Structure formats: structure tokens, C-alpha cells
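Report on one structure; see the data block that follows.
Coordinate-derived values only; no laboratory data. All values reported here derive from a predicted model rather than from experimental measurement. Backbone-built Cβ (ideal geometry, glycine too); neighbour counts: all protein chains shown.
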Amino acid sequence: MKECRRCHKMKPLEDFHRRYGSKDGRNSYCKECANEAVREWRRNNPEKAKKHAQTSYLNNIDRRREYGRAYYASHREYYAAYYKKWSEEHREEISERRKRYYRIRKESA
Ligand SMILES: [Zn+2]
């Protein structure tokens with residue numbers, strides 16, 4: 001059991017968020033109070049909270065974009081080889097489709 005520094009209730013350790021680097025590895029506020037403290041901080045710092053939300057959103061977008069790029073870069077050869085193989089296997093089908101496409105274009109022109 002541990003006493004919450006905010007509501008001063010004795011609560012089991014599981015009711016405290018993990019916090020590495022602290023003496024017992026747990027937050028000094030219980031989860032309920034930690035949530036309440038965040039809510040209060042947001043209420044008192046609406047501008048900061050907004051900016052914070054925006055930057056973490058933008059950071060996430062950047063990270064996601066980075067990830068996509070890295071994924072594609074590391075699989076580029078795989079995709080290129082896959083497409084090459086596919087187009088070789090479907091050469092007739094592709095040329096057939098192309099012919100049909102041009103025919104339609106000619107007929108409708
Ligand atoms: Zn508390």
C-alpha cells in the first residue's frame with residue numbers, strides 16, 4: 001500500500017502508474033489523481049494543452065510518414081521484382097487489355 005500525495009488515501013501499488021526512476025517505481029499520485037491532475041493542468045493551460053496536442057499529433061504524422069517511407073524503401077526491390085514477375089506472367093492479358101482499351105477509344109472517338 002502507498003499513500004497518494006494528492007488525495008492522501010492509502011491505495012494498492014497497482015493504483016499508481018508506473019514511473020521509472022522513482023524510489024518505488026510508481027507515481028506519487030494515484031491513477032485517479034494523475035488523471036485529474038492532467039485535466040486540471042489542461043483547464044489551467046488551455047493554450048499550452050492545445051499546442052501540446054497539436055505538436056504530438058504532428059509528431060505522430062511525421063513518424064508515420066517516416067515509417068511508410070522507410071518501409072517502402074526497404075521493400076522497393078521486392079515490389080519492383082514482384083511487378084516485373086507479375087507483368088511477365090500476365091503479358092498476354094495485359095496486351096489483350098491494352099488492345100481492347102485502344103479499340104474502345106477508337107470506336108468511341
Ligand atoms: Zn489520489
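For this structure, a couple of remarks:
- The chain: angle of helix 91-108 to the longest principal axis, Cα-based, in degrees nearest 10: 80 degrees
- Nonlocal Lys pairs with alpha-carbon distance under 25 Å, the chain (8 or more apart, or different chains): 13
- Tilt relative to the chain, helix 31-44 - C-alpha long axis, 0 to 90 degrees, to 10: 80 degrees
- Simple point charges give the picture: +1 on the Cβ of Lys and Arg, -1 on the Cβ of Asp and Glu, and for segment 1-104 a dipole about the Cα centre of about 340 debye.
- Once backbone amide H atoms are built at 1.01 Å from N, F16 has K31 as its partners under 5 Å, excluding neighbours fewer than 5 places away on the same chain.
- Fully extended contour minus Cα-Cα distance, from R18 to S87, at 0.36 nm per residue: 19.5 nm
- Considering helices alone, the calculated mean residue ellipticity of the chain at 222 nm is -24500 deg cm²/dmol, with DSSP H runs of length four and up weighted by -39500 (n - 2.57) and normalised per residue.
- Extended-chain gain in nm, criterion 0.36 nm per residue less alpha-carbon gap, Y101 and K11: 25.2 nm
- Percentage, to the nearest whole number, of Cα pairs in segment 1-44 over 17 Å apart: 29 percent
- Simple spin-label estimate for R65 and Y79 in nanometres, 7 Å along Cα-Cβ: 1.7 nm
- Electrostatic dipole magnitude of segment 1-61 [Cβ: Lys, Arg +1; Asp, Glu -1; Cα centre; debye, to 20]: 120 debye
- Size of segment 1-97 from its Cα atoms: along the principal axes, largest to smallest, the extents are 77, 33, 23 Å.
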